[in-house]
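The values are calculated or read from the model by the stated rules, or taken from the named source; none is laboratory data. On a predicted model such as this, the values are computed, not experimentally measured, just so you know. Glycine also receives a Cβ, built like all others from the backbone with ideal geometry; neighbour counts cover every protein chain displayed.
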Amino acid sequence: MNLPQYLTVDHFYKLQNVNTLKTPEDIINVICLISGESKEDILKLTKEQIDTTVASLMRLFNESQPKFWPIFEYKGVIYGFQPLSKMTLGEWIDCDTYAKDWKNQLHNLLAVCYRPIAKHHHKSFIWRVKYNIKVWTGQSTSPFSIYDVEPYDTVTSNVRGELFKELPVEIAQGALAFFLEIGLKYSENITTSLVQSETEREMIMTSNKEIRELLYKTTTVGS
């Protein structure tokens, strides 16, 4: 049985409708979803093989703990997280839209937030290899100031989104939690400084309440 090295964003999508692992049918279904094997092939496994596979699955779930990485290298490309302070209005609107439908659009949210680094002001990056991905482990009080990402383009973003379906879900959920937390503070600040209409204020506060609920849900997934 060949199980993946880590759970991906695509696995996350497939597992959304799985509520329990109490029955043999539940276990078979999850093994099929993650391994890509057919139900017929799973039924040919011995009990010992099933027990070993389930133990490996639990290890995958336990290791998938959300963590935010501002910079990572994936398939030879170095990506940086675009902070809200540098986002255009178009980027922010797309991110906000995807974040509210994160159970289906997480890969597209990642594609807007993480873009290839066009230039950086750092001599070298200190990497830690996690799975087949390099994550930046350098110490900086302001990591976003050391690089600039490529300009936002919806066409290339959509292509990148498909690629990001294969990213580890822990990187994806870490980025989502970071975006929601910072985005909430950002939208509350512009509410008090820019929005004059009481109706507009109420609309933004309602949106912020939804963001808080999403933040709670994504940081408690798997707990």
Would segment 59-74 turn up any residue that is surrounded by fewer than 16 Cβ atoms within 10 Å (Cβ to Cβ) and farther than 28 Å from TRP127 by Cβ? no
So ILE126 clears everything in (1) in contact with a Ser or Thr (Cβ under 6 Å, 6 or more places away or on another chain); (2) of a type in the set (A, V, I, L, M, F, W, C); (3) surrounded by 20 or more Cβ atoms within 10 Å (Cβ to Cβ) except one condition, right? Which one? (3)
Restricting attention to segment 8-36, and to residues there that are assigned to a helix (DSSP H, G or I) and in contact (Cβ under 8 Å) with a residue 60 or more places away in the chain, which single residue is surrounded by the fewest Cβ atoms within 10 Å (Cβ to Cβ)? TYR13
I'm checking my understanding of the structure. Among residues of segment 12-28 that are within 23 Å of the chain's Cα centre (by Cα) and of a type outside the set (Ser, Thr, Tyr), which one is nearest to LEU176 (Cα to Cα)? PHE12
Please enumerate the residues belonging to segment 102-130 that are in a helix (DSSP H, G or I) and in contact (Cβ under 8 Å) with a residue 24 or more places away in the chain. TRP102, LYS103, ASN104, LEU106, HIS107, ASN108, LEU109, LEU110, ALA111, VAL112, CYS113
Take GLN173 and tell me if it is touching a residue at least 60 places away in the same chain (Cβ under 8 Å), outside the structural domain of LEU21 (by TED's automatic domain parsing) and polar (S, T, N, Q). yes
Is it the case that some residue within segment 149-159 is in a helix (DSSP H, G or I), over 18 Å from the mean Cα position of the chain (by Cα) and not β-branched (Val, Ile, Thr)? no
Can you find even one residue in segment 95-104 that is β-branched (Val, Ile, Thr), surrounded by fewer than 18 Cβ atoms within 10 Å (Cβ to Cβ), under 18 Å from PHE179 (Cβ atoms) and modelled with pLDDT of 85 or more? yes
When you go through TRP102, TRP92 one by one, which is the residue that is assigned by TED's automatic domain parsing to the domain that holds GLU162 and within 11 Å of the chain's Cα centre (by Cα)? TRP102
Tally the residues that are outside any helix (DSSP H, G or I) and either within 19 Å of the chain's Cα centre (by Cα) or at positive phi (or both), restricting the search to segment 43-89. 21
Only residues that are over 21 Å from GLN16 (Cβ atoms) and surrounded by 13 or more Cβ atoms within 10 Å (Cβ to Cβ): list them for segment 42-52, please. LEU45, ILE50, THR52
